[in-house]
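What follows is a single structure, written as structure tokens, with notes after it.
Throughout, read-outs are computed from the coordinates displayed, never taken from laboratory work. Here the structure is a predicted model, which means the values were calculated and not measured. Cβ: placed from backbone, ideal geometry, glycine included. Neighbour counts: every protein chain shown.
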Amino acid sequence: MEEIKVGLEVHVQLVTLKTKLFCSCSSDYRGKPPNTNICPVCTGLPGSMPTLNKKAVEEALKVALMLNAQPYETSYFFRKTYFYPDLPKNFQITQYDKAGGYPLAHDGYLKLSNGKTVRIERIHLEEDPGRIYYEGSRATARYSLIDYNRSGIALIEIVTAPDMSSPEEARDFVERLTTILSDVGINVKDYEGSLRVDVNVSYAGGERVEVKNVTGAASVEKAIIYEMFRQKTMYEKGIKVVRETRAWDEKRRITIASRGKEFEAEYRYMPEPDLPPVTITESLIKKVKEEIGGSQEDRYRELINDGINEELAKKISSDKNLFNVYEKIKFYEPSLKQLAANVLANEISYLIKRYSIKTLPEDVSGLAEILQNYRIIPDHESVVAYLKKWIDGEKVKISFKTVSAENIQNDIMQIISENYEKIRNLEYNKKFEFLMGILIKKFGKENKKVLVEELTKVLNKIK
Amino acid sequence: MKYSINKLSKLSMLKISKEEEKMIAKKVQALGELLEKLDAIEPPKEAFVLAPEGEHKRDDVPVEFDSDEIIKVFNEVKGRYLKGPKTL
Amino acid sequence: MNLEGYTLQLILREIENGSLSPEDVNEFYYKRSVELNSVLNAYITLLEPRSRAEGDLKGIAIAIKDNISTKGIRTTCASKMLENYVPPYDATAVSSLKKHGGSVLGKTNMDEFAMGSSGENSAFGPTRNPLNKEYVTGGSSSGSAAAVAADMAPIALGSDTGGSVRAPASFTGIVGFKPSYGAISRYGLIAYANSLEVIGILGKSVEDVKILFKMIAGKDPMDSTSINVDLKEKNISKPNILVIKSFVELSSEEVKKEFYNSIGKLESAGFGISYVDKFSLTDYMLSSYYTIACAEASTNLSRYDGIRYGPKVESASNWRDYISKARSFFGPEVKARIMMGTFILSAGYYETYYLRALQLRKMIKQEFEKIISGYDAVYVPTMPVLPWKIGKAIEDPKIAYAADVLTVLPNLTGSPAISIPVGKVREFFVGGQFIGLRAEDMKVLKVAAIAENVLQVKKNGRN
Ligand SMILES: [Zn+2]
């Protein structure tokens, strides 16, 4: 089998927004009657003008930073002209990296499960077109039915380099991307059709074929497998693969030559004169960074720098929730960070899984209380129970009568002298048990750990 | 300067009648002559725009437009769908 | 009652003191418009008066160029393409007028989609010059100029992309004000060349256009390119103005003579007059202007495909055929500019033409800002020629393109510019324009008001 090269253009709807990218229509278009979620802007009426959704820039910036991409200080919107009935202006407002334009961000990367790095060339904002329906089949329908409810929904497009070399890698890319997106609240899995991929596949160094509009990671894999074998068959028969655009047929699971829309060459890009350039200031980047807490890699590095071992660091950095708590504890009481890392990677991780916990409390003072008294909590079950209390938002107060080791030693000596006659002839174990009974009564079960330690010391001394 | 009226009208999705053709060709020719002077200029790296100063972005707050008003503008509807040409 | 020669200022004053009623005013303009329109063709749509006397404008009806959206009133852009288009919303400028108690008198004729300098390129026939009906009014705001000049409206809105307010004002002997780019919202102005154009005002006096300007100026959340300009009155008594000789030299002998004559009068009235021989980029202004305008126009006008609105196509072999057939309804000037714009933006030519035109624009702006520093305004003729006979520019399109040479500068630089009558040749007037720095609209209005008072070209005006 010859080598294949796969590059992806992933379109993601910014489902966390309340309005469209360039107008104030609701972003919640799913399930609404046709053409009820529209205005002069998103239907391209004469004289209407786009206005940029501020939050869309911030959300896109979040994704860009999560993908380790560099934002441009100034980026531009462009018009990309092609005629099609789902595109009300017959141009799409998008961003472009040529012709004097700059997209939102460039040169990021994403690491696959197998450790391979996939380069991300650029990330930009653009608008979704409307949707076309047909009565019966597209082939036999006498007219099309157009719904502009989706028209103008904010998308980001993530363009990778052709760095993937198997269908599995492409699937892994989409899956990992989906996780990263959900890290910043963009849960594409909850919104049908909110992640759509254009897949570029070339076999054995041949021309690249673009398969448009593949939805979801599993279909991406299937479409590439199909395309790989189609191109391989052609290659083996000596037929040249031509550069073309194909469509993915989800039902039949094949790609088909697509006709209709115009091709790349004549998009006639030009700057959108109605939208001033987008400026990404340092303070905006800082604000967004604070909201997302950096990439997994950043988090991992920080943990390692703190002296946390690799295993714990890996576990904590992979979950933003855990890492946030770690950071807060570190700020609250730096000396607790090692213990915090342990508890986060073990007990708290266990609880998150066990009770399907979505978020951890903002307030870490309860957790700090647990960590500070960790040594005197008698057993592991109690630790877990206290942690659960904290996660559930209950107040955590550890109110053991705590005693210093020095005090205990004095008390132990006193008890021994008071009971000297009774214990002098007992063997060590019995002696220990007898004294322990008195001590527990006096200091409480919760101090057992310390009592055991101290009693052992004392008995060893006087043996 | 190389352009054919035929190719440009096709790219622009414009049908041009026989009667118009000569007049349009004359106009395109006249506009084309104006462009020739641009040869003397060095092209820039970045597009120049008359950008306004200050904040120009919109808050993410929904405002509903009466969509019935837009349905009234549409040429032909079926239910609330806009009827368009077949796309095959 | 006869309101011939009345300025808006006078009308408002007489309504205020009770000697005129708003109903009488509206009745006068409506009746006169019905009577004269068959000759002058100033209006595409005329509305029966139905005003309520309220607000600063007392319910007075105003003429609106037919490329400015008016809710419920058809807005054609003088094109077959929008012959039956009725906007579902008001342009921001129109709603501002309504808020001040204004109403719509009618929609004025124009060059189709504002493309033209003569008023001849209208699908509804050419507008005729009230000064001599065999001659053009100038364009593209031809109907607005004719209506004001012929007392068919007290004042009118137009739009100015490369001189479209000032040219017809000059040809019909009235005042035409092109504000700074962005000073009046473009939301609802049907776009021809977004980065160049602005809504402008045509009136009988500088004071009249200022009254209206103050009502509709200001930043609009629906137009991201809009700005707030300072609306405070400027205190200037002896303006310092700069004459660019290379501009004057482009004019015909008649224009030149009248223009220099006006300079003499201004100088003896205390104006400080300075001269600069050459604006080094004079020869490039039209190239930059037409390249940018055609490029923007070709994408702006992509949306007219007969699918959502516009001419319905009864039979088409496929969707491309449908769109092409619908788009055949554009007139020849519009088709030519769309095609030129398509050419300019096509692959391989974008850098050759479009980016260079933008660069030129930047250089022109810099040079202008340099030469104007230290002066209140630049003073040059508005049109290099007097009105020509209807039909002449249709024969030779170069005449019309060349006529823009003195008006495009403020559009390229975003400057405010105002044309006032400064001389008289036979039945026609020679217009002179004052151009200022962007956002210094009140300054050019002040300079023009002083000059108007000094020159007294139209002694019959009553204000
Ligand atoms: Zn909308």
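Taking only alpha carbon atoms, chain C gives an Rg to Rh ratio of 0.95, where Rh is the Kirkwood radius.
Run the Debye formula on the Cα coordinates of the range A:176-223, all scatterers equal and no solvent, and tell me log10 I(q)/I(0) at q = 0.15 1/Å. Result of the Debye calculation: -0.48. The distance separating the Cα centre of the range C:332-366 from that of the range A:185-200 comes to 38 Å. Peptide C:286-299 is shielded by partner chain Cβ atoms: per residue, an average of 5 of them sit within 10 Å of its Cβ.
Take the Cα coordinates of chain A, assign each an equal point scatterer, and use the Debye formula without solvent to give log10 I(q)/I(0) at q = 0.08, 0.12, 0.14 Å⁻¹. The Debye formula, applied to the Cα set alone, gives -0.62, -1.08, -1.33. Based on DSSP loop calls and a cut-off of at most 12 other Cβ atoms within 10 Å, the longest stretch of chain B free of exposed GluC sites (Glu not before Pro) is what? Maximal segment without exposed cleavage sites: B:1-52.
The HN-Hα couplings worked out from phi for the range A:33-44 by the Karplus form 6.51 cos²θ - 1.76 cosθ + 1.60 (θ = phi - 60°) are x, x, 6, 10, 10, 9, 8, x, 6, 7, 10, x Hz, whole numbers, x standing for Gly and Pro. Overall dimensions of the range A:141-224, expressed as equivalent-ellipsoid semi-axes from the Cα gyration tensor (√(5λ), whole Å, largest first), are 25, 20, 11.
Working ranking of peptides A:269-281, C:337-349 by packing, defined as the average number of other Cβ atoms within 10 Å per residue, highest first, is C:337-349, A:269-281. Calculated FRET efficiency, A:A405 to A:S356, Cβ-Cβ distance, R0 = 45 Å: about 0.65 to the nearest 0.05. Our Cα-only numbers for the range C:319-462 put the radius of gyration and Dmax at 19.7, 61 Å.
Size of the range C:1-99: Rg and Dmax of its alpha carbons, in Å, are 14.6, 46. Over the range C:282-385, the reciprocal of the mean inverse Cα-Cα separation, the Kirkwood hydrodynamic radius, stands at 16.4 Å.
Taking only DSSP H segments of four or more residues, each worth -39500 (n - 2.57), what value at 222 nm results for the protein assembly as shown once the sum is divided by all its residues, to the nearest 500 deg cm²/dmol?
On the way: 34 runs with 376 residues, N = 1014.
Theoretical 222 nm ellipticity from helices: -11000 deg cm²/dmol.
For the range A:405-461, the pair-distance distribution built from all alpha carbon pairs, in bins 5 Å wide starting at 0, is 4, 19, 38, 27, 11, 2 percent.
Counting only residues at least eight positions apart within a chain, or on another chain, the aspartates and glutamates with an alpha carbon under 12 Å from that of B:K26 are C:E333, C:E395, C:D396. Residue by residue along A:81-93, Cβ atoms of other protein chains within 10 Å of the local Cβ number 5 on average. Per residue, the average separation of C-alpha pairs within less than 8 Å and at least 6 apart gives the range C:135-186 a relative contact order of 37 percent. The mean number of Cβ atoms from other chains found within 10 Å of a Cβ in peptide C:88-101 is 2, as a whole number. Could you work out how far helix A:320-332 tilts from the main Cα principal axis of chain A, as a 0 to 90 degree angle to the nearest 10? The answer is roughly 50 degrees. For the range A:294-391, the pair-distance distribution built from all alpha carbon pairs, in bins 10 Å wide starting at 0, is 16, 53, 29, 2 percent. With both residues required to sit in chain A, DSSP beta bridges show an antiparallel share near 95%.
Are there GluC sites (Glu not before Pro) in the range A:1-34 that DSSP puts in a loop and that have at most 11 other Cβ atoms within 10 Å, and which ones?
Here the sparse-neighbourhood loop sites are A:E3.
One Cα centroid belongs to the range A:60-84, the other to the range A:40-56; the line between them spans 18 Å. Based on the Kirkwood radius over alpha-carbon pairs, what is the Stokes-Einstein translational diffusion coefficient of the protein assembly as shown at 37 °C with 0.692 mPa s viscosity, in µm²/s? So the translational diffusion coefficient is about 101 µm²/s.
Could you give the dipole magnitude of chain A about its Cα centre, charging the beta-carbon of Lys and Arg +1 and that of Asp and Glu -1, in debye to the nearest 20?
960
Remark: for residue pairs A:K397/A:K448; B:K7/B:K45; A:K18/A:K251; A:K237/B:K86; A:K337/A:K358, the C-alpha separation exceeds 27 Å in B:K7/B:K45; A:K18/A:K251; A:K237/B:K86.
Using the per-residue mean of other Cβ atoms lying within 10 Å as a proxy for protection, in what order, highest first, do the peptides A:67-76, A:146-155 fall? Walk me through the numbers on the way to the answer.
Numbers: A:67-76: 19.8, A:146-155: 26.1.
So the order, starting with the most tightly packed, is A:146-155, A:67-76.
Packing order of peptides B:78-88, C:285-295, A:327-337, highest average first: C:285-295, B:78-88, A:327-337 (average count of other Cβ atoms within 10 Å over each peptide's residues).
With Cβ to Cβ distances under 14 Å as the rule, what net charge do the other residues near A:Y350 carry (K, R +1; D, E -1)?
Combined, the nearby Lys, Arg, Asp and Glu give +1.
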